[in-house]
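The structure appears right after this line, and notes come after that.
The values are calculated or read from the model by the stated rules, or taken from the named source; none is laboratory data. Model, not experiment: these values are computed from the prediction. Positions of Cβ are generated from backbone atoms using ideal geometry, with glycine treated the same way; all protein chains shown enter the neighbour counts. Accessible surface areas use protein heavy atoms only, side chains included; no ligands, DNA or RNA. Shrake-Rupley method; radii C 1.70, N 1.55, O 1.52, S 1.80 Å.
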Amino acid sequence: RLPLRLQRVAPVALKQCNPVFDEDFQPDKSMDPDRERAAKQRLTRKIKQEKKGAARELRKDTAFLSAARQRERDKTSAYLEGRGKRAMAIMEEQEHSWKSQKKEKRQQAKL
């Protein structure tokens, strides 16, 4: 008498997923058989590219204008800063001369 065994079944082969290559593939050309739909897709793609280009140009223009405004602001702030420094220099000069005169008067009073 033979011992019990499971029935032997032939192993099932895995499904092969080999890609199909097209030798004359062109990525910019639509493979859609419906010509109207292909034309619509082409126009949609062109509109999208134009929008992106317009947005890029707007960013460039904005960057240029903001840089020009910043140069103007820097120029005016440098002018105002220079004016303030000149005023401070004049006031320091006056204070120095006033203190030196005061010191001289004290020294003369001591004599």
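Filtering GLU104, GLU81 for residues that are in a helix (DSSP H, G or I), at pLDDT below 95 and among the acidic types (Asp, Glu) leaves a single hit, GLU104.
Go through ARG45, ARG35, ARG86 for me and flag whichever is exposed (fewer than 10 other Cβ atoms within 10 Å of the Cβ), without any contact (Cβ under 8 Å) to a residue 12 or more places away in the chain and out of contact with any Asp or Glu (no Cβ under 8 Å at 6 or more places or on another chain).
Numbers: ARG45 fails: exposed (fewer than 10 other Cβ atoms within 10 Å of the Cβ); ARG86 fails: exposed (fewer than 10 other Cβ atoms within 10 Å of the Cβ).
On inspection, the qualifying residue turns out to be ARG35.
Residue under question is ARG59, and the condition is that it be open to solvent by 100 Å² or more (accessible area, probe 1.4 Å) and touching a residue at least 12 places away in the same chain (Cβ under 8 Å); does it hold? No. For the range 36-46, the criterion of being within 33 Å of the chain's Cα centre (by Cα) and β-branched (Val, Ile, Thr) is met by at least one residue. Please go through the range 8-59 and pick out each residue that is in a loop (DSSP other than H, G, I, E, B) and charged (D, E, K, R). Residues satisfying the conditions are ARG8, LYS15, ASP22, GLU23, ASP24, ASP28, LYS29, ASP32, ASP34.
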